[in-house]
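Enquirer: I'd like to ask some things about the structure below.
The values are calculated or read from the model by the stated rules, or taken from the named source; none is laboratory data. Bear in mind the structure is a predicted one, so any value in this text is a computation, not a measurement. In this analysis, Cβ positions are derived from the backbone assuming ideal geometry, glycine residues included, and neighbour counts consider all displayed protein chains.
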Amino acid sequence: MSDFVKVASLSEVSDGEIKGFDLNGQKIALINLGGEIFATSDVCTHKHCQLSEGFIDNKNIVCHCHGAQFDVKTGEVRALPATEPLKVFEVKLDNGEILVKM
């Protein structure tokens with residue numbers, strides 16, 4: 001599937017917030033940084049904790065389980081113990097709706 005799919009309304013994800021969504025069985029994390037929306041897998045590549053339960057620190061998602069950090073734009077690992085990057089998704093905003101390319 002290469003189409004954009006509505007995940008949420010922009011009003012559902014506050015600035016500085018990570019919010020998790022289940023999209024057809026795939027766990028997606030939406031991150032709002034100053035009104036710019038990013039989408040990654042919501043599953044940490046280290047121990048499979050939900051990243052939406054973590055927090056943002058300097059444009060990095062910090063996993064609440066063991067402190068692994070990932071760049072919100074690229075999914076690149078920024079701090080151990082994770083060694084594998086996160087999957088990232090293309091995001092488009094349309095009339096206040098957040099669409100993610102699957």
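Enquirer: Has segment 18-35 got at least one residue that is more than 10 Å from the chain's Cα centre (by Cα) and crowded, with 16+ Cβ neighbours inside 10 Å? Step through it out loud before you land on a result.
Expert: Of segment 18-35, the ones more than 10 Å from the chain's Cα centre (by Cα) are 22-26, 33-35.
From what's left, crowded, with 16+ Cβ neighbours inside 10 Å: 23.
So far as segment 18-35 goes, yes, one or more of its residues are more than 10 Å from the chain's Cα centre (by Cα) and crowded, with 16+ Cβ neighbours inside 10 Å.
Enquirer: Related question: Please determine, by comparing only the residues of segment 50-72 that are under 22 Å from Met102 (Cα atoms) and not polar (S, T, N, Q), which one is surrounded by the fewest Cβ atoms within 10 Å (Cβ to Cβ).
Expert: Among them, the one singled out is Asp71.
Enquirer: While we're on this one: Is one or more of the residues making up segment 37-46 in contact (Cβ under 8 Å) with a residue 60 or more places away in the chain, in contact with a helix residue (DSSP H, G or I) (Cβ under 8 Å, 6 or more places away or on another chain) and of a type outside the set (Ser, Thr, Tyr)? Give the derivation first.
Expert: In the first step, residues of segment 37-46 are kept if they are in contact (Cβ under 8 Å) with a residue 60 or more places away in the chain; the result is 37, 39.
When the remaining residues are screened for being in contact with a helix residue (DSSP H, G or I) (Cβ under 8 Å, 6 or more places away or on another chain), the result is 37.
Now narrow it down to the ones that are of a type outside the set (Ser, Thr, Tyr): 37.
Taking every residue of segment 37-46 in turn, at least one turns out to be in contact (Cβ under 8 Å) with a residue 60 or more places away in the chain, in contact with a helix residue (DSSP H, G or I) (Cβ under 8 Å, 6 or more places away or on another chain) and of a type outside the set (Ser, Thr, Tyr).
Enquirer: If you check Glu84 against the conditions, is it modelled with pLDDT of 95 or more, touching a Ser or Thr at 6+ places or on another chain (Cβ under 7 Å), loosely packed, with under 15 Cβ neighbours inside 10 Å and of a type in the set (Asp, Glu)?
Expert: Working: modelled with pLDDT of 95 or more: yes; touching a Ser or Thr at 6+ places or on another chain (Cβ under 7 Å): yes; loosely packed, with under 15 Cβ neighbours inside 10 Å: yes; of a type in the set (Asp, Glu): yes.
Yes, satisfied.
Enquirer: Separate question: Run down Lys92, Lys47, Lys6 and say which single residue is outside any helix (DSSP H, G or I), surrounded by fewer than 14 Cβ atoms within 10 Å (Cβ to Cβ), of a type outside the set (Phe, Trp, Tyr) and touching a His at 6+ places or on another chain (Cβ under 8 Å). I'd like the intermediate steps shown before the answer.
Expert: Working: Lys92 fails: touching a His at 6+ places or on another chain (Cβ under 8 Å); Lys6 fails: touching a His at 6+ places or on another chain (Cβ under 8 Å).
Result of the check over Lys92, Lys47, Lys6: Lys47.
Enquirer: To continue, here is another question. Counting only residues that are closer than 14 Å to Val100 by Cα and part of a loop (DSSP other than H, G, I, E, B), how many does segment 18-44 have?
Expert: Selection size over segment 18-44: 2.
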